[in-house]
1. Can you tell which of Val230, Val252, Val295 is under 24 Å from Ser353 (Cα atoms), in the same structural domain as Glu325 (by TED's automatic domain parsing) and in contact with a Gly (Cβ under 8 Å, 6 or more places away or on another chain)?
2. So Lys43 passes all but one of these: (1) in contact with a Gly (Cβ under 8 Å, 6 or more places away or on another chain); (2) basic (Lys, Arg); (3) within 15 Å of the ligand (Cβ to nearest atom). Which condition number does it fail?
3. List every residue pair whose Cβ atoms sit under 6 Å apart, with the two residues 6 or more apart in sequence or on different chains, where the first one lies in segment 179-208 and is under 13 Å from Phe453 (Cβ atoms) and the second, anywhere, is away from the ligand (no atom under 15 Å from the Cβ) and modelled with pLDDT of 95 or more.
4. Restricting to segment 80-93, what's the tally of residues that are crowded, with 24+ Cβ neighbours inside 10 Å and at negative phi?
5. Being more than 9 Å from the ligand (Cβ to nearest atom) and within 19 Å of Gly85 (Cα to Cα) is the filter here; which residues of segment 114-130 pass it?
6. When both residues are 6+ apart or on different chains and their Cβ atoms are under 6 Å apart, which pairs have a first residue that lies in segment 438-467 and is closer than 23 Å to Arg76 by Cβ, and a second that is in a helix (DSSP H, G or I) and more than 16 Å from the ligand (Cβ to nearest atom)?
7. Just to be sure, is Leu104 more than 9 Å from the ligand (Cβ to nearest atom) and touching a Gly at 6+ places or on another chain (Cβ under 9 Å)?
8. Does any residue of segment 384-396 turn out to be within 14 Å of the ligand (Cβ to nearest atom) and either of a type outside the set (A, V, I, L, M) or part of a loop (DSSP other than H, G, I, E, B) (or both)?
Amino acid sequence: MEGYFKVPDILIQTMAQIVGAKNVITGHEEMASYTGDESPTSKPHYPDIVVKPGDTAEVAAVLALANQNKIAVTPRGAGTGISGGAVPIKGGIVLSMERMNRILEIDADNFVVVTQPGVRLMDLCQAVEAEGLYYPLYPGEKSAFIGGNVATNAGGMRAVRYGVTRSFVLGLEAVLSTGQIVRTGGKYVKCSTGYDLTQLLIGSEGTLAVITEVILKLSTPPGMREVLWVPFTSLQQAIKTVPQILKTGVPVIGLEFLEKDIIDMIEQYLERKIPFSENPAFLLVILEGATSDEVYESANRISEVCTTNGAVDVYIPTGEHAKRELLEAREKMFPAIRRYDPIEVVDAVVPRSRIADFVSHVKGISIRYKISITAPGHAGDGNVHLHLMGKGIAPDEWESKVPEMMNEIYSAAVAMGGTISGEHGIGYEKKKYLHIAMDEHKIDLMRRVKAAFDPNCILNPGKVFDL
Ligand SMILES: Cc1cc2nc3c(=O)[nH]c(=O)nc-3n(C[C@H](O)[C@H](O)[C@H](O)COP(=O)(O)OP(=O)(O)OC[C@H]3O[C@@H](n4cnc5c(N)ncnc54)[C@H](O)[C@@H]3O)c2cc1C
């Protein structure tokens, strides 16, 4: 591989001594599941070797060896990323964090959990809930690892109220490419002591260091949750209602918008009907409160606002099962869309007040290029997930039109004061569009930061920006 060396046999043996022979994979077939992620456009790339360290010292030893021998290392969580971040495009080593899967401490007095990076989000949520605590992050994919969530700064449906992963991480342990172990932050909320390296590592997509331990802030469980499903006669009408909902001051936890085309796909995927699915557009509103009276009050207030702003109806499911079914419908959106290959995913973000303009601009692009675009999104935080749908389009037409459309879409998002990724990251697949969001000076500053952390550039090379 250009600029990087293949892993020689002698080093494979040394790796096996470090992590144990059964934690090193070199067989082509066994490595297949480490060659890609969930990005619909990324092609499989084989590493020379998959290494599964069991603790921080093993991570440090593997990295030091790779660094001395200029071997590319791709850190890997659960491989649920949508930007090709965990794809080993330069071969070398895939460093899989799957064995570092222990929750180290749940500290109820300080409201923190200390965890290894290979713990699945769903397991962490369950474990803290068993102790009467709450980790609110709520992305669509709960089998992602905590380390992957931190490395991509994952968001999800509750960001409007609680923020994204960045808002919860109090401290990290990470290993630099040289094998040096660094600790940042701690079990405290305030810190005004030097540069904030914790925040720098969050969202760095495995390009600066390998995260080996995470300290997360917890809160108390919400008590009651209510879900409102609100059909509208148009997407514009639905989106225009969003600021009115937020201006009520009611603590809205999640606020999503979807259109009928996606609802049809979800109905087919789940093989069940979704209430009011004959309507063109929908808002999904998630509320939390300490008591049932409190959420009931909030739900009434939101219903009133939606009705005044042209909602066809307001459906409030009764019973936990019906609520879960509605939330599940939203959670399954991506797998439902993913079945219609080829697709291209956009994760743009704009100021909340510009969502309606942005979506209407995108619809114009869709008509001009004769390629349909679905436009769901996190209405509460301005994060719009577009899907360009290629079914029935000739492959060469698709290949030539998509980059042009993506350029136009991203340029519009940036012109409206937004940026090109809200939560999925840049990885490999969106790297060619980074210049739309960042000028060369800023990218060059990131290159210099990268050089300070990873002088031989062995960590996740070819991701986020070119060196
Ligand atoms: C159905 C579906 C729904 C989704 N919904 C959402 C959503 O609502 N919100 C959202 O934000 N994302 C969503 N995602 C994307 C994905 O789940 C997140 O990006 C997640 O954070 C990736 O975690 P992972 O463990 O799978 O990481 P991977 O895909 O394995 O890796 C992602 C990146 O992190 C790096 N990395 C992983 N672990 C480490 C580590 N320990 N140290 C350093 N770098 C590391 C990798 O090198 C790579 O660059 C969704 C994905 C799917 C398939």
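1. Among Val230, Val252, Val295, only Val252 is under 24 Å from Ser353 (Cα atoms), in the same structural domain as Glu325 (by TED's automatic domain parsing) and in contact with a Gly (Cβ under 8 Å, 6 or more places away or on another chain).
2. Result: Lys43 passes all but (3).
3. Final answer for the pair search is Gly179/Ala64.
4. So in segment 80-93, the residues crowded, with 24+ Cβ neighbours inside 10 Å come out as 81-88, 92-93.
Restricting the remaining residues to those that are at negative phi gives 81-83, 85-88, 93.
Within segment 80-93, residues that are crowded, with 24+ Cβ neighbours inside 10 Å and at negative phi number 8.
5. Val119
6. That search, which allows pairs on different chains as well, returns Phe465/Ile443.
7. Numbers: more than 9 Å from the ligand (Cβ to nearest atom): yes; touching a Gly at 6+ places or on another chain (Cβ under 9 Å): no.
So Leu104 fails the test.
8. To start, the set of residues in segment 384-396 that are within 14 Å of the ligand (Cβ to nearest atom) comprises 384-385, 387.
Checking which are either of a type outside the set (A, V, I, L, M) or part of a loop (DSSP other than H, G, I, E, B) (or both) leaves us with 385, 387.
Yes, segment 384-396 contains at least one residue that is within 14 Å of the ligand (Cβ to nearest atom) and either of a type outside the set (A, V, I, L, M) or part of a loop (DSSP other than H, G, I, E, B) (or both).
The values are calculated or read from the model by the stated rules, or taken from the named source; none is laboratory data. Because the structure is a prediction, the values reported are computed rather than measured. Here Cβ is always computed from backbone atoms with ideal geometry, including for glycine, and neighbour counts include all displayed protein chains.
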